[in-house]
Amino acid sequence: MTRSERRNLRNGLLFASPYILGFALISFYPLAMTAIYSLSDYDAIKPPAWVGLDNFLRLTTDDRFWTAVKNTLFFTVASVPAGLALALALAMLLSLKVRGQAVYRTIFFLPTIVPLVVSSVLWIWVFSPENGLLNGVLHQIGIENTPGWLTSRAWAKPALVLMSLWGIGGSMVIFIAGIADVPQSLYEVADLDGAGPLTKFRHVTLPMISPVILFNLVIGLINGFQYFTQAYVMTNGRGDPADSTLFYALYLYRSAFYYLQLGYASAMAWIMFIVILAATLAVLASSKRWVHYHAD
Amino acid sequence: MLTRVFNGIAARALLIAASILFLAPFAWMISTSLKSETRIMPRPGESIQWIPTTDKFDEQGRNLVTYNGKTAVNLGRDEASGKYKLLLEGSEVEAWEEDFTNQQRVGLHWQNYVRAFQTIDFPRNLRNTLYICFMTVAGTLVSCSLVAYSFSRIEWPGRNLLFLLVLATMMIPYEVELIPLFVLYKELGWTGTFKPLIVPAFLGTPFYIFLLRQFFMGIPKDLSAAATIDGCSEFGIYAHVILPLSKPALATTALFMFLFQWGDFLNPLVFLQDDRQWTLSLALQQFQSQHNSAWGPLMAMSTVITTPIIALFFLTQRTFIQGITMTGLKG
């Protein structure tokens with residue numbers, strides 16, 4: 001190696017050293033330890049005791065685990081497509097030359113600024129069956145039998161899905177940027193071919209923003225699988241009523257810090273990691289069929 | 001031509017409708033925070049009230065009520081009959097409670113805010129939150145810019161491989177790291193302090209390393225070359241050339257990190273123990289779980305926690321939106 005190459009190597013490593021240290025301490029070490037804990041019985045007081053795949057086997061027969069999986073899947077499948085559709089719809093509306101665009105954009109983006117705990121507390125109040133905003137409005141338009149929302153086993157998850165739609169401002173902003181990037185010339189060519197607005201949307205806009213759709217989709221999935229704060233705050237950490245809002249991350253948290261079964265929780269953590277990885281890879285693989293990357 | 005006008009009107013109508021839906025919870029939050037208990041829990045059949053009101057009284061402190069469409073004065077309840085005595089146009093009448101309503105005037109019930117501040121040690125929670133926010137932002141700016149510089153402005157073998165590693169770790173759910181980190185911090189004696197929340201910021205965050213690296217890559221190499229010729233060290237180039245040119249990306253990083261830390265819940269929940277260390281998010285959640293029907297004070301506290309962040313957002317709007325589009329498109 002030449003002297004300057006050696007100097008570059010030294011400097012490169014030096015500048016990157018915070019991350020190298022960080023990776024070792026905060027990523028590698030915990031990953032390795034979680035793998036070890038997942039194969040042990042560990043309650044944070046006595047040292048871990050090796051139990052092999054016992055934790056994983058126990059999970060397969062744990063009803064609450066499967067409830068947590070189902071709840072998380074329901075929430076993700078319900079909220080992600082709906083959220084993307086709403087974000088895209090609003091982004092399209094805001095991409096038309098309407099006056100006061102910046103104001104509307106701010107309004108729709110504002111909920112994402114609010115700390116999650118605040119949103120959660122606020123929406124508990126909005127969903128209050130007797131005095132909340134939602135049932136109040138429903139009563140005023142004549143609907144008498146209003147659901148119990150967070151107090152009802154059937155309506156608690158749909159309530160959380162509804163609440164998640166309030167926070168689509170982030171994806172919306174990214175869609176707006178993506179839509180703005182579509183070359184105007186493509187629309188003009190479509191006009192010449194006699195295309196109407198719907199055709200233009202399907203054959204020009206959608207393909208051109210498909211990379212952005214992919215991005216929002218992957219981020220949405222990852223966030224859906226890791227849904228925690230809102231579930232914790234709105235159910236006092238319990239997943240009420242009757243485990244209907246016991247999400248995966250919530251069950252993991254409870255297993256670790258409430259029931260002090262760190263080994264069990266670590267097994268759950270690894271499963272979560274693998275599932276998220278698999279889902280992301282699956283989406284990325286499928287993207288070859290529907291995502292068009294443009295050369296600029 | 002007509003369709004374009006119609007589209008404009010239809011679009012505007014939809015946007016206004018959506019805006020009302022999106023703003024309604026905020027309005028509801030502020031409105032509730034200024035209502036007294038009786039106004040928060042309306043009687044059945046009363047419609048939603050947006051503007052906080054209080055009871056109207058006459059000069060002698062007696063409630064003014066509406067009875068049969070007319071104004072009357074509530075003289076009090078007759079214990080024997082259970083009915084209320086009202087003074088209506090000079091003569092006394094008797095009425096059941098359901099037959100009259102208290103007249104209202106606009107009134108803001110600021111006591112909710114007082115009560116919220118009395119129950120939670122707000123100044124301390126605010127101090128804690130600000131401390132954590134500033135320390136983590138400082139740590140992130142320093143560490144992530146240094147690492148991003150290494151990945152973009154220095155050529156060294158293995159650089160791209162390490163960068164791929166950075167990207168890969170972004171995929172790891174935090175829950176996987178949380179438990180061993182908790183055990184590690186416990187062994188170190190760091191639980192119950194702010195260290196678990198602050199120290200990691202100084203060790204680099206993949207997301208911001210990524211963001212800054214992309215940005216640094218866009219700065220022309222000639223500038224670094226020119227500085228080298230002038231005798232600048234690598235660190236000198238970093239400090240005097242790259243950093244000054246990267247203000248937008250650095251501002252975005254600082255803003256996002258600040259926002260995240262302000263509202264962070266899981267980390268304070270797991271690592272902090274003493275309620276004197278609580279952050280605002282944690283304090284609000286604890287308040288809610290202990291007084292879960294004190295909606296007036298709860299909404300007051302929520303309003304107080306949200307307002308600074310919204311103000312900050314309005315001041316830095318452009319940086320914000322630019323930052324989000326930067327992350328979404330350069331992916």
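Kindly establish whether A:Thr151 is surrounded by fewer than 22 Cβ atoms within 10 Å (Cβ to Cβ) and touching an Asp or Glu at 6+ places or on another chain (Cβ under 6 Å).
Answer is no for this residue.
Restricting attention to the range A:123-138, and to residues there that are in contact with a Pro (Cβ under 8 Å, 6 or more places away or on another chain) and part of a helix (DSSP H, G or I), which single residue is surrounded by the fewest Cβ atoms within 10 Å (Cβ to Cβ)?
Here the answer is A:Asn135.
Quick check: is even one residue across the range B:143-157 surrounded by fewer than 18 Cβ atoms within 10 Å (Cβ to Cβ), within 13 Å of chain A (Cβ to nearest Cβ) and aliphatic (A, V, I, L, M)?
Checked the range B:143-157: no residue is surrounded by fewer than 18 Cβ atoms within 10 Å (Cβ to Cβ), within 13 Å of chain A (Cβ to nearest Cβ) and aliphatic (A, V, I, L, M).
Hey, among A:Pro183, A:Pro241, A:Pro207, which residue is away from every other protein chain (no Cβ under 12 Å) and in contact with a Ser or Thr (Cβ under 8 Å, 6 or more places away or on another chain)?
After applying the criteria, what remains is A:Pro241.
Do the conditions hold for A:Gln230, that is, is it touching a Pro at 6+ places or on another chain (Cβ under 8 Å), closer than 22 Å to A:Gly169 by Cα and within 11 Å of chain B (Cβ to nearest Cβ)?
For A:Gln230, the condition - touching a Pro at 6+ places or on another chain (Cβ under 8 Å), closer than 22 Å to A:Gly169 by Cα and within 11 Å of chain B (Cβ to nearest Cβ) - is not met.
Looking only at residues in the range A:139-180 that are outside any helix (DSSP H, G or I) and aliphatic (A, V, I, L, M), which one is farthest from the other protein chains (Cβ to nearest Cβ)?
For the range A:139-180, the residue satisfying everything is A:Ala154.
Looking at the range B:167-178, which of its residues are facing another protein chain (nearest Cβ under 7 Å) and either surrounded by 18 or more Cβ atoms within 10 Å (Cβ to Cβ) or touching a strand residue (DSSP E or B) at 6+ places or on another chain (Cβ under 9 Å) (or both)?
Answer for the range B:167-178, where residues must be facing another protein chain (nearest Cβ under 7 Å) and either surrounded by 18 or more Cβ atoms within 10 Å (Cβ to Cβ) or touching a strand residue (DSSP E or B) at 6+ places or on another chain (Cβ under 9 Å) (or both): B:Thr169, B:Ile172, B:Pro173, B:Glu175, B:Val176, B:Glu177.
Under the condition of being assigned to a helix (DSSP H, G or I), within 27 Å of the chain's Cα centre (by Cα) and closer than 13 Å to B:Gln273 by Cα, which residue from the range B:179-198 is nearest to the other protein chains (Cβ to nearest Cβ)?
Within the range B:179-198, the match that is nearest to the other protein chains (Cβ to nearest Cβ) is B:Phe182.
Within the range B:50-60, identify whether any single residue is in contact (Cβ under 8 Å) with a residue 12 or more places away in the chain, surrounded by 15 or more Cβ atoms within 10 Å (Cβ to Cβ) and among the aromatic types (Phe, Trp, Tyr), and answer yes or no.
No - not one qualifying residue is present in the range B:50-60.
Please indicate, with yes or no, whether at least one residue in the range A:255-274 is assigned to a helix (DSSP H, G or I), closer than 30 Å to B:Asn7 by Cα and at pLDDT 85 or above.
The answer is no, given that none of the residues of the range A:255-274 is assigned to a helix (DSSP H, G or I), closer than 30 Å to B:Asn7 by Cα and at pLDDT 85 or above.
Report yes if B:Leu141 is part of a helix (DSSP H, G or I), closer than 30 Å to B:Met29 by Cβ and at pLDDT 90 or above, otherwise no.
no
How many residues does the range B:199-208 contain that are within 25 Å of the chain's Cα centre (by Cα) and either buried (at least 20 other Cβ atoms within 10 Å of the Cβ) or in a loop (DSSP other than H, G, I, E, B) (or both)?
Number satisfying all stated conditions: 6.
Going through A:Phe15, A:Phe23, A:Phe28 one at a time, which residue ends up being without any contact (Cβ under 8 Å) to a residue 12 or more places away in the chain, over 25 Å from the mean Cα position of the chain (by Cα) and assigned to a helix (DSSP H, G or I)?
Exactly one of A:Phe15, A:Phe23, A:Phe28 is without any contact (Cβ under 8 Å) to a residue 12 or more places away in the chain, over 25 Å from the mean Cα position of the chain (by Cα) and assigned to a helix (DSSP H, G or I), namely A:Phe15.
Among the residues that make up the range A:251-258, is at least one of them in contact with a helix residue (DSSP H, G or I) (Cβ under 6 Å, 6 or more places away or on another chain) and small (Gly, Ala, Ser)?
yes
Quick check on my filter: what residues within the range A:1-29 are within 22 Å of B:Phe182 (Cβ to Cβ) and out of contact with any Ser or Thr (no Cβ under 8 Å at 6 or more places or on another chain)?
Passing the criteria: A:Leu21, A:Ala24, A:Leu25, A:Ile26, A:Phe28, A:Tyr29.
Give me a count of the residues in the range A:14-27 that are more than 7 Å from chain B (Cβ to nearest Cβ) and farther than 18 Å from B:Leu188 by Cα.
Number of matching residues: 3.
Go through the range B:1-30 residue by residue and tally those that are at pLDDT below 85 and either among the aliphatic types (A, V, I, L, M) or surrounded by 17 or more Cβ atoms within 10 Å (Cβ to Cβ) (or both).
The total comes to 6.
Among all residue pairs at least 6 apart or on different chains, which show Cβ distances below 9 Å where the first residue, located in the range A:101-118, is crowded, with 19+ Cβ neighbours inside 10 Å and the second is charged (D, E, K, R)?
A:Pro115/B:Asp264; A:Leu116/B:Asp264
Run A:Phe247 past the list (1) in contact (Cβ under 8 Å) with a residue 40 or more places away in the chain; (2) within 9 Å of another protein chain (Cβ to nearest Cβ) and report the number of the one that doesn't hold.
The single condition A:Phe247 does not satisfy is (2).
Give the residue, chosen from B:Ser47, B:Ser33, that is of a type in the set (Ser, Thr, Tyr), at pLDDT 90 or above and under 44 Å from the mean Cα position of the chain (by Cα).
B:Ser33
Please specify each residue of the range B:270-283 satisfying the condition of being facing chain A (nearest Cβ under 10 Å) and either in contact with a strand residue (DSSP E or B) (Cβ under 6 Å, 6 or more places away or on another chain) or outside any helix (DSSP H, G or I) (or both).
If the condition is that a residue be facing chain A (nearest Cβ under 10 Å) and either in contact with a strand residue (DSSP E or B) (Cβ under 6 Å, 6 or more places away or on another chain) or outside any helix (DSSP H, G or I) (or both), then B:Thr279 is the only one that fits.
Name the residues in the range B:118-130 that are crowded, with 16+ Cβ neighbours inside 10 Å and not polar (S, T, N, Q), would you?
Matches in the range B:118-130: B:Ile120, B:Phe122, B:Leu126, B:Leu130.
Could you please find all residues in the range A:185-211 being outside any loop (DSSP other than H, G, I, E, B), under 19 Å from A:Leu88 (Cβ atoms) and not hydrophobic (A, V, I, L, M, F, W, C)?
A:Tyr187, A:Pro197, A:Thr199, A:Lys200, A:Arg202, A:His203, A:Thr205, A:Pro207, A:Ser210, A:Pro211
Filter the range B:214-243 for residues that are in contact (Cβ under 8 Å) with a residue 60 or more places away in the chain, of a type in the set (Val, Ile, Thr) and closer than 18 Å to A:Ser4 by Cβ and give the result.
Answer for the range B:214-243, where residues must be in contact (Cβ under 8 Å) with a residue 60 or more places away in the chain, of a type in the set (Val, Ile, Thr) and closer than 18 Å to A:Ser4 by Cβ: just B:Ile237.
Quick grid of which residues meet (1) in contact with a strand residue (DSSP E or B) (Cβ under 9 Å, 6 or more places away or on another chain); (2) within 10 Å of another protein chain (Cβ to nearest Cβ); (3) part of a helix (DSSP H, G or I):
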{"residue": "B:Ala239", "(1), (2), (3)": "no, no, yes"}
{"residue": "B:Ile242", "(1), (2), (3)": "no, no, yes"}
{"residue": "B:Pro248", "(1), (2), (3)": "no, no, yes"}
{"residue": "B:Thr253", "(1), (2), (3)": "no, no, yes"}
{"residue": "B:Gln285", "(1), (2), (3)": "no, yes, yes"}
{"residue": "B:Gln288", "(1), (2), (3)": "no, yes, yes"}
{"residue": "B:Ser293", "(1), (2), (3)": "no, yes, no"}
{"residue": "B:Thr306", "(1), (2), (3)": "no, yes, yes"}
{"residue": "B:Phe314", "(1), (2), (3)": "no, yes, yes"}
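The values are calculated or read from the model by the stated rules, or taken from the named source; none is laboratory data. Source: prediction; values computed, not measured. Cβ atoms come from the backbone with ideal geometry, glycine included; neighbour counts cover every protein chain shown.
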